[in-house]
Amino acid sequence: MLNQEQLEKLADVMIWGLYTSRQSKGGVYKPGDVIDILWELDALSLMEIIYAKLLERGLHVFPTMRKTAKMEKDFFTLSQDRQLQFCDPGTKALVRRTNGTICLYAPSSITHLKDVDSKRMAMYAVARRPINKITDVRGNKGLFGWTLCSLPTQALADQAKTSLREYSEEIIRACYLNDANPVATWQRIFQEGAAIREWLMSMKINVVNIESANVDLKVLVGENRRWLGADGCNIPSFENYTSPDYRGTSGTYFANMPSFLKGNYVRGVRLVFKDGRAVEVTAEEGEEFTKSQIGMDEGACRVGEFSLTDKRHSPITKFMAEILFDENVGGENGNCHIAVGDSYRETYSGDLKEMTPELEKKLGYNDSALHWDLINTEPKTVTALLRGGGRKVIYENGMFKY
């Protein structure tokens with residue numbers, strides 16, 4: 001677990017993340033703005049620290065405790081369809097007024113939903129999509145920012161097959177909580193990542209081709225795109241990502257790193273894409289669940305994100321049974337991941353305030369209630385096919401070649 005000093009430092013990092021995420025979209029926090037803290041029971045100590053620090057900044061703060069594992073399972077097993085699809089008017093009013101959200105995950109269980117009908121969870125996710133759309137639009141206008149983190153718990157350590165002490169130490173390293181000033185460290189990481197992203201954008205990449213032992217995938221980057229990363233939305237974050245034009249995805253992708261999604265353990269996902277859609281879906285474990293998620297809605301079988309992590313920037317070395325950490329793993333080979341499902345509209349290189357559903361469709365941004373990161377840590381080569389012609393290897397041996 002984290003000691004008091006480390007919790008204080010993490011609180012400062014989370015507030016940095018909240019402010020940075022909104023600044024990256026042209027917004028600035030001011031006294032009187034409304035912040036919602038979503039927290040779980042084992043995150044109480046961190047929530048209390050953040051709550052006080054935000055009050056001192058003159059912000060209105062609304063702590064909201066998430067459902068317990070039992071409540072969440074009861075909701076999905078006992079609710080009728082109309083209850084699964086119900087969104088209380090208080091939630092809609094809050095998201096229209098909220099200027100920021102901090103999510104503090106500290107799960108007491110990550111397997112309690114494994115026996116729940118995945119179609120019921122998909123029904124709930126689709127029903128919540130309009131709420132997410134509100135925050136997307138507000139974010140694009142610079143009116144909203146968000147950040148999240150996950151605290152070490154026994155449930156996470158058990159699924160990662162490590163001790164709670166070792167799991168905690170990995171989080172401490174990943175978030176730089178033993179540094180004298182972790183916020184300064186994160187600001188440096190943000191600036192170093194910005195240099196990589198400027199380099200990526202300077203090349204005017206048309207297509208990226210990812211090749212490894214089990215991957216041969218081409219992803220069309222698309223027009224009017226920018227690369228993002230380490231912008232405060234996730235703590236930690238070492239990735240450099242964009243949301244491509246899903247219509248140009250073709251070839252085979254393999255996720256050799258397992259993942260937990262909605263209580264389900266999934267391993268060895270293999271997707272074959274044709275004309276932007278996953279036309280073949282298999283998994284070595286959890287195949288039925290995987291197919292149910294990728295069939296959730298029309299956009300769930302398309303790519304919404306492509307990301308690369310440089311091993312020199314990430315101190316994460318092991319499977320953490322939490323996508324927040326696993327999508328940022330460094331280790332020996334770095335990682336790439338794709339997310340099937342929803343796109344990040346903030347990767348649009350123009351004025352985000354101009355973003356409309358019509359423009360999203362024109363540029364090939366994907367829309368879905370799903371966003372599932374699938375991670376590959378095999379040794380790989382990533383080659384950029386440039387708009388002006390020519391090819392350039394941009395990533396090899398787990399590192400960007402800039």
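The values are calculated or read from the model by the stated rules, or taken from the named source; none is laboratory data. Computed from a predicted structure; not experimentally measured. Note that each Cβ is placed from the backbone with ideal geometry, even for glycine, and that neighbours are counted across all protein chains shown.
State which residue is farthest from ALA157 (Cα to Cα) when the search covers only the stretch 171-190 and only residues that are touching a residue at least 24 places away in the same chain (Cβ under 8 Å) and polar (S, T, N, Q).
Ranking the qualifying residues of the stretch 171-190, first place goes to GLN187.
Regarding the stretch 328-350, can at least one residue be identified that is under 21 Å from TYR253 (Cα atoms), outside any loop (DSSP other than H, G, I, E, B) and among the β-branched types (Val, Ile, Thr)?
If we filter the stretch 328-350 for residues that are under 21 Å from TYR253 (Cα atoms), which is where we start, we get 328-344.
Filter again for outside any loop (DSSP other than H, G, I, E, B), leaving 335-341.
With the extra rule that they be among the β-branched types (Val, Ile, Thr), the set shrinks to 338, 340.
Yes; the residues of the stretch 328-350 include at least one that is under 21 Å from TYR253 (Cα atoms), outside any loop (DSSP other than H, G, I, E, B) and among the β-branched types (Val, Ile, Thr).
How about the stretch 353-370: which of its residues are under 21 Å from LEU228 (Cβ atoms) and surrounded by 18 or more Cβ atoms within 10 Å (Cβ to Cβ)?
Passing the criteria: MET355, LEU363, GLY364, TYR365, ASN366, ASP367, SER368, LEU370.
Among the residues of the stretch 368-400, write down those that are under 30 Å from GLY27 (Cα atoms) and modelled with pLDDT of 95 or more. If you could, list the steps in order and put the result at the bottom.
Step one: list which residues in the stretch 368-400 are under 30 Å from GLY27 (Cα atoms), which gives 368-373.
Once the filter is applied, which keeps residues that are under 30 Å from GLY27 (Cα atoms) and modelled with pLDDT of 95 or more, the stretch 368-400 yields SER368, LEU370, HIS371, TRP372, ASP373.
How many residues does the stretch 125-161 contain that are over 20 Å from ASN99 (Cβ atoms) and either buried (at least 20 other Cβ atoms within 10 Å of the Cβ) or aliphatic (A, V, I, L, M) (or both)?
Residues meeting the conditions: 12.
Can you spot a residue in the stretch 188-203 that is modelled with pLDDT under 95, of a type outside the set (Asp, Glu) and part of a loop (DSSP other than H, G, I, E, B)?
Within the stretch 188-203 (the criterion being modelled with pLDDT under 95, of a type outside the set (Asp, Glu) and part of a loop (DSSP other than H, G, I, E, B)), the answer is yes, since at least one residue qualifies.
Only one of (1) crowded, with 22+ Cβ neighbours inside 10 Å; (2) at pLDDT 95 or above; (3) under 20 Å from the mean Cα position of the chain (by Cα); (4) outside the structural domain of VAL28 (by TED's automatic domain parsing) fails for CYS175. Which number is that?
(4)
Collect the residues in the stretch 227-257 that are out of contact with any Lys or Arg (no Cβ under 6 Å at 6 or more places or on another chain), surrounded by fewer than 21 Cβ atoms within 10 Å (Cβ to Cβ) and not in a loop (DSSP other than H, G, I, E, B), keeping them in residue-number order.
ARG247, GLY248, THR252 - these are the residues of the stretch 227-257 that are out of contact with any Lys or Arg (no Cβ under 6 Å at 6 or more places or on another chain), surrounded by fewer than 21 Cβ atoms within 10 Å (Cβ to Cβ) and not in a loop (DSSP other than H, G, I, E, B).
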